[in-house]
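A short write-up of the structure that comes next.
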Amino acid sequence: MNNFSWQTQRPFNAYSSYMKKEYGARIQKLSIDAGFTCPNRDGSISYNGCTFCSNEAFNPSYCREYASITEQINEGIKFHQWRYKKVKQYFAYFQAYSNTYAPLEILQQRYSEALRHEKICGLVLGTRPDCIDEEKIKYLHSLNKEYHIIVEFGIESCYDKTLQKINRGHTFLQTKEALLLCKKYDLKTGGHLIFGLPGETMEEMLKEAEIISSLPLDSIKFHQLQILKNTTMEKEYKQNSSLFHLFTFEEYKDFIISFLERLSPKIVIERFVSEVPSRYNVLSAWSSLRNESIVEQIETEMIKRNTYQGKYYKG
């Protein structure tokens, strides 16, 4: 295969290659729990959270709210050094809950603490589309002149019927409006999308490739639905498992390749699947597969099929 528009021979627009092209080297993310909450948990919208949410399942061991931001950064650097010995700079990844959900002065204090660290060159802010406004985006735009700023939204689904079913508390229109506001101020954006949410057909999920491609989105993370312990979705699954279709890996591999074929080649792929420790997972499917193996198998199959991201994209 010849080089694609993303200037590598890989059959998809891979995040690792994009980072080297955009920033000249790998920049590792360091997850931070800065003590924020969520309007879906503090009663502003709901007290129950999203039905799938188990924040502790995704936080790395060094990411602890009771440690200061600086302490978490230092522990994160130690945690990653054994694997990424050549990494010199890091993004502070404000990951836990909604990291723009606070008054501006609090955001300024917590972001500034991270950016004062000599090895931090930017911020990745995980948040919800209903937790930003123009004042906050203008502030992030000012930071973006000196640092790398990325706003990462939990999209989860493009369908309001699904967002309501999983108690998300916002609409897809709010997602589009939030991304457009970020675009207005030249901020890079990322998103999360979950495949296998209850009630969505295969056709609806594939259609999301076209919908997502129409958004001003720079990168995307894909998640296969997992039923996590101590969540509302665990209760729903135990009450009526027939409402759920959980992908086998072979099914998911076929699906994600079909999805990529329909996706804009401009969107960078950060992740194909999510991984959580098995102790949090109700079901043990995929437990023997690591992320590196999954990526390798998807890429190998794409090459075998002589296909690539955007092959059927009509943008």
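The values are calculated or read from the model by the stated rules, or taken from the named source; none is laboratory data. Values in this document were obtained by computation on a predicted structure and should not be read as measured data. All Cβ positions, glycine included, derive from the backbone under ideal geometry; neighbour counts span all protein chains shown. When the accessible area is computed, the model is the full protein with side chains, heavy atoms only, and any ligands, DNA or RNA have been set aside. Shrake-Rupley method; radii C 1.70, N 1.55, O 1.52, S 1.80 Å.
If the chain were replaced by its equivalent ellipsoid, with semi-axes equal to the square roots of 5 times the Cα gyration tensor eigenvalues, what would those be, largest first, whole Å?
That gives 28, 25, 20 Å for the three semi-axes.
Keeping the other protein chains in place, figure out the carbon and sulfur percent of the accessible area of the range 123-273, with a 1.4 Å probe.
With neighbouring chains kept in place, the figure for the range 123-273 is 48 percent.
Please list, ordered by chain and number, the residues whose modelled amide H lies under 5 Å from the amide H of LEU228; skip anything fewer than 5 residues away on the same chain.
GLU234, VAL282
Restricted to Cα positions, what overall size does the range 6-145 have along the principal axes? Three whole-Å values, descending.
47, 33, 32
First measure r as the distance between the Cβ atoms of SER112 and ASN230, then evaluate 1/(1 + (r/R0)^6) with R0 = 51 Å and state the FRET efficiency to the nearest 0.05.
The value I calculate is 0.90.
Measure off 7 Å from each Cα along the Cα-to-Cβ vector at LYS88 and ASN240, then give the distance between these two points in nanometres to one decimal.
The two pseudo-label positions are separated by 5.8 nm.
Can you give the accessible area per residue of the chain, in Å², using a 1.4 Å probe?
Normalised by residue count, the accessible surface of the chain is 48 Å².
Percentage of Cα-Cα pair distances in the range 115-261 greater than 24 Å, rounded to whole percent?
Within the range 115-261, distances greater than 24 Å cover 40 percent of Cα pairs.
Taking 0.36 nm per residue of separation and subtracting the Cα-Cα distance, what length does fully extending ARG26 through GLU135 add?
36.1 nm
Determine the principal axes of the Cα atoms in the range 122-208, then give the extent along each, sorted from largest to smallest and rounded to whole angstroms.
Taking the Cα atoms of the range 122-208, the three principal extents are 44, 19, 17 Å.
Report, in listed order, any pair from LYS20/LYS136; LYS20/LYS86; LYS161/LYS311; LYS29/LYS165 with a Cα-Cα distance greater than 20 Å.
In this structure, LYS20/LYS136; LYS161/LYS311; LYS29/LYS165 lie more than 20 Å apart at Cα.
Can you tell me the convex hull volume per residue for the range 94-139, based on C-alpha atoms, in Å³ to the nearest whole number?
75
Can you give the helix-only mean residue ellipticity at 222 nm for the chain, where every DSSP H stretch with n ≥ 4 adds -39500 (n - 2.57) and the sum goes over all residues, rounded to the nearest 500 deg cm²/dmol?
Numbers: 11 runs with 115 residues, N = 315.
Calculated at 222 nm, the ellipticity per residue is -11000 deg cm²/dmol.
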